[in-house]
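Reviewing the structure listed below.
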Amino acid sequence: MMKWICTLTFGALAFGQEPRLVEIAAGFARPVDIQQPDDGTNRLFIVEQAGTVRVIRDGAVVNIPVLDIRDRVTVIGGGGDERGLLGMAFPPGFQNKQYFYLNYTNRSGATTISRFRMNGAGADTADASSEQVLLTIPQPFSNHNGGQLQFGPDGYLYAGMGDGGSANDPQGNAQNPQSLLGKMLRLDVESDLSAYGIPATNPFVNNLLYRREIWATGLRNPWRFSFDKATGEMWIADVGQNRAEEVSVQPASSQGGENYGWNVMEGLQCLRAGCTPAGVRPIHEYTRENGDVSITGGYVYRGVLSPSLRGLYIYGDYASGRIWTLNQENGVWVNRLLVRPASFLISTFGQDRAGEVYVANLRTGSISRIEVTGPPRLTSSSVVNGASYVAGLTPGSAATAFVSGAKPTAGIRQASSLPLPTTLEEVAVLVNDTPASLYAVANVNGLEQVNFQAPFELAGLTSARVAVRRGSLTGAAVDVPVFAQQPGVFTSDGVRGVVVHAVTNTLVNASSPMQPGEDVYLYATGLGPVDNAPATGNATQSTPLAQTRALPSITIGGQSCLVRFTGLAPGLAGVYQVNLVVPPGIASGEQDLVLTVSGSAAPPVKVFAR
């Protein structure tokens, strides 16, 4: 096929800019999965339902299929047939391994998970005769076969299995611990290539009532699920029966064993009247009043091309073609319509190694990349004290804005001199429409933040409007509370306070603990008004000292400390310094340090004492 690039533009919806579906290839026959290996070639592999795998290399579709196994795949009937070649996964380290995994229904209709080998490193074809069948699961009906394969952050292969089909799970498979249907499976396929193994950390590995392959139960048809590249969370989109489609999130810390409720529950409600609600509730559901019929799960966006999408889960509805974003704001899950392209049957989403997200149109056989050029996004709870990370601002003190769409590339850019600049890498923080002084702009593991100094001019206010600008794009402003005092103590790791030996100017730590009666000092935020304040963004002078008007109290291990000085740290901007004497009777070991000013206490931090 020839290289084909087409851009579809839609009216601006939730983001103030125009979302686009950039068509990168077309001409596929019922594409149902999009995958990319970690081999540096930037190839996209496209799974076609009838039993072929094709590849997009350098923007063009290679004419010869990567693999053709139509001779062993269920002959599909077209339309809404849910059988066929359904999923593909590349193992970690594919570049050196040169094999992959497929999920398909065989000629008898059974789910088959197999391994196939490529015809050499960098080759665009695989050896159909190399198939090694690892697992076969009989299917009682033709629908609800699941089909997704994904390697988790733990290196194990996860397989989403539907409940076996028909309607309402007539065989009760999803709640049957002896059935692999209606489950999320977790398999070790890499330790021993001769057969799959059971991870020792699977939740039911020692429970004879359960199949040991099971990771989670109570699923109807998890057609598409994915792992967030940044957090490791598993996002599961489960296709509903007649009422609701649902999205669930499994924390990265999960030990497995979740029951997602089907067929007792459908979404947030009982499937049948009078049930006792059971299982883990979904974070979001949508119903079918607006022509939506079947959810197609997607991915949390972690790419570069569309910074305003970063951190948002992108998913859609197969029939209506609607594509939404889903994320948590102020503790509430927020769902927004992104685009609704015409004549779109959303069969699958895909994600490349860079975190860009793609979508397949089953109707036309096209693959498109989702792009949105939008402004940075903030929430009121994401503008916080620079040390305690409690929401709010204190005049003249260090603050942090956690944001999406400010710094698309990984890394940290710090201010190199004082006075502090008001822009870094074309990023600015606007406080009541005035650019604030910036310490740094960072993108670390996909988490973006801008560190800035709250202006002294906020004194006397109870709230401020804060927005982030990148280049010519300014995000929506949010209202942030302003406090006269909001104490916080800087930490090195979120737990242990940054405390310094006054004599040697070296850090207090486990190997160099503070001594009873010793003079030490710490750095803090939010200690309130000072005399002799410098201009916002300027270094604090050493003469005269900028001392706080309210004197804080400090306890270590519950014992009160003598405070010698409290004020803005000389030579720094927006950072407070507190000099104190360690209590003579302090116990040895790790102790809690608590700083309080005007009745407001900072979150406790740990310090080492001897």
Relative contact order computed over segment 66-218 (Cα-Cα under 8 Å; 6+ residues apart), in percent: 16
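For the pair Leu572 and Cys270, what calculated FRET efficiency results from E = 1/(1 + (r/R0)^6), where r is the Cβ-Cβ distance and R0 = 41 Å, to the nearest 0.05?
On the way: r = 59 Å, r/R0 = 1.44.
With R0 = 41 Å, the Cβ-Cβ based efficiency is 0.10.
Name the shape class, rounded, prolate or oblate, that the alpha-carbon gyration tensor gives for the chain, where a ≥ b ≥ c are the square roots of its eigenvalues, rounded holds for a/c under 1.5, and otherwise prolate holds if a/b is larger than b/c and oblate otherwise.
prolate
Within the accessible area of the chain, what % is carbon and sulfur when the probe is 1.4 Å and the other protein chains stay in place? Could you put the intermediate results ahead of the total?
Working: 11800 of 23400 Å².
Of all accessible area on the chain, carbon and sulfur atoms account for 50 percent.
Taking only DSSP H segments of four or more residues, each worth -39500 (n - 2.57), what value at 222 nm results for the chain once the sum is divided by all its residues, to the nearest 500 deg cm²/dmol? Walk me through the intermediate numbers first.
Working: 1 runs with 4 residues, N = 610.
That calculation yields 0 deg cm²/dmol at 222 nm.
Find the all-direction average of the projected area of the Cα convex hull for segment 344-472, expressing the result in square nanometres with one decimal place.
Quarter of the Cα hull surface area: 9.8 nm².
What longest range of the chain stays clear of loop-exposed GluC sites (Glu not before Pro) (DSSP non-H/G/I/E/B, at most 13 other C-beta within 10 angstrom)?
Numbers: sites that count: Glu289, Glu426.
Counting at most 13 other Cβ atoms within 10 Å as exposed, the longest clean stretch of the chain is 1-288.
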Accessible area (Å², per residue) of segment 15-105, counting only protein heavy atoms and a probe of 1.4 Å: 33
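Just the accessible area per residue of segment 329-471, please: how many Å² with a 1.4 Å probe? Please report the intermediate quantities before stating the final value.
Working: 5350 Å² over 143 residues.
Per residue, segment 329-471 has 37 Å² of solvent-accessible surface.
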Segment 484-610 - accessible surface per residue (Å², probe 1.4 Å): 43
Accessible heavy-atom area order of Lys97, Lys407, highest first, probe of 1.4 Å: Lys97, Lys407
Base-10 log of normalised Debye intensity for segment 267-320 (one unit scatterer per alpha-carbon) at q = 0.14, 0.19, 0.23, 0.31 Å⁻¹: -0.57, -0.85, -0.99, -1.14
Accessible surface ranking that places the most exposed of Trp235, Trp223 first, with a 1.4 angstrom probe: Trp223, Trp235
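The values are calculated or read from the model by the stated rules, or taken from the named source; none is laboratory data. The model shown is predicted, which means the values in this text are computed figures rather than measured ones. Heads up, the Cβs are rebuilt from the backbone with ideal geometry, glycines too, and the neighbour counts pull from every protein chain shown. The area values use the complete protein model at the heavy-atom level, side chains included, leaving out ligands, DNA and RNA. Shrake-Rupley method; radii C 1.70, N 1.55, O 1.52, S 1.80 Å.
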